[in-house]
Every structure is written in structure tokens, then in C-alpha cells.
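Notes for the one structure printed next.
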Amino acid sequence: MEKDTSGVFTHFKKDVRKRMLTGLLLILPVYVTFFVVKFLFGFVGGTLSPVIKKILQFYGVALPKTSLDEFIITFLGIILTFIALYFIGIFAANFVGRAIISYFENLLTKTPIVRNIYSSVKQIIHSVGMPGKQAFKRVVLIDFPKEGAKSIGFVTGSSSYENGKKVCVFIPTIPNPTTGFLIFISESEITDTNLTVEEAFKALFSAGVLMPDNIAASFKTKPPRTADQG
């Protein structure tokens, strides 16, 4: 009787643990997404919130006193931010706008210290955010940190080196893929994969849990060498 009771209790504990883990896996992405959206909402909306409050004060409207009032102010700030960005884009597209922007860019690029920061940030934003640009061109495997140990990498570009060309590969770290190593390597030392950038990041964020079951089927196989190629 004691064994039966013990078996039922053990089964109950396993079932509870399984249900809680299932609930956690469902809730955690929603929880993280909520806080990211909340942060972006406050960050973008908060940019113009002080301006909106000053305008309300100017017209004699009472400042927000409740959370709902703050929410409305922040929401209006988001709308005004997007409207402002839209008109800035229109302004930058015409001749006068381009001339003014070019003038201020020249000032920034001639200012010590500031020019280095501005140029670096501008290059990164253009490479990642502009239409037609793709920061991560290919998902590859390379021998890292030692020969025979394969690591996922992203080809980000190429550069000349000693009369040859080296491929720039970014190897992210785990559990924070936003940091990593930049390696210059020969094309012949790279193994291409069929993984998309999204699939690769899923594998990285999950520490390999979301890797395809059959890894060999996911990798592009090199064409067999013919007799003419030796």
C-alpha cells in the first residue's frame, strides 16, 4: 500500500512539474515581449511627453494626475514622434534638406572625437536598418575555438589581406548573442549552411535546444570533385 501511495505521489510530482514547465514556456515569451513593448512605448512616447505637457500648460490645461492621463500623454508622444520622423524623411529627400543635412554632417565629421562616434554609429545603422542592406549575409560553420569544434557564424563582409581576400565572420557568444568575436578567415575554411538567420538565432538563444534534429540534412554539401579537378 505504501509503495502504491509513493508511486502515485511521484507520478503526481512529475505531472505538476511538467504542467508548470509547459505554463512557463507559454507565459515567458509573452512576459518578455510585454516588457520590451512597454519599454519601447515609454522610450518613444516619453521623448515628446515633456513637450506635450508644456503645450498643455500653455493653453491652461491641467497636467496629468492619473495613470490614464500619463498613458494618453505617452500615446500622443508616440504619434507625434512618428509624424515628426515622417516629415523629417520628406525634408531630407528634397534639395534644401539634403544641403542642410550635408552642412551639419560636415561639421560633425570635422569635430574631434565626435566625428569618430558619429561615423561609426552611422555606418552601423545604415548597414543594419537601411532597405536593401543585410548585415548577416550567410549563416556558416567554422572551426572555433579549435580545429574540429564547429561554431555558428554570420558572414558580414570581406576584406583584402596579403594579396588575397578574407571573409569577415561574426561568431556570437551564448547566452548573449549580441557580443562575440570577429574572425577573418579564408573562404575555403567556411562551411555554408541552409539555416536562415532567424533559425540560427533561435538555435543560439536556446543554446542548441532548437537546432534541427538532423544537422547533416541542414548543411549544404559541397559538390563532389570530378576526375578533371583531381
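General remarks:
- Neighbour net charge for Phe71 - beta-carbon separation under 13 angstrom, K R +1, D E -1: 0
- Table column - 3J(HN,Hα) (Hz), the stretch 196-204, Karplus curve with 6.51, -1.76, 1.60, x for Gly and Pro: 7, 4, 4, 5, 5, 5, 4, 5, 5
- Net charge of neighbours whose Cβ lies under 15 Å from the Cβ of Leu108, counting Lys and Arg as +1 and Asp and Glu as -1: +2
- Cβ-based exposure ranking for Asp15, Asp143, in which fewest neighbours within 10 Å come first: Asp15, Asp143
- Under-5 Å amide H pairs with Lys166, H placed in peptide plane, nonlocal only: Ser159, Ser160, Tyr161
- Derived scalar couplings between HN and Hα for the stretch 156-162 equal 10, x, 8, 8, 6, 7, 6 Hz in order, rounded to whole Hz, by the Karplus curve 6.51 cos²θ - 1.76 cosθ + 1.60 (θ = phi - 60°), x for Gly and Pro.
- Neighbours of Leu26 by Cβ distance under 14 Å: Lys/Arg scored +1, Asp/Glu scored -1, total +2.
Every number in this text was worked out from the coordinates using simple rules, so none of it is lab data. Quantities reported herein were computed from a predicted structural model and do not represent experimental measurements. Neighbour counts run over all protein chains shown; Cβ positions are idealised from the backbone, glycine included.
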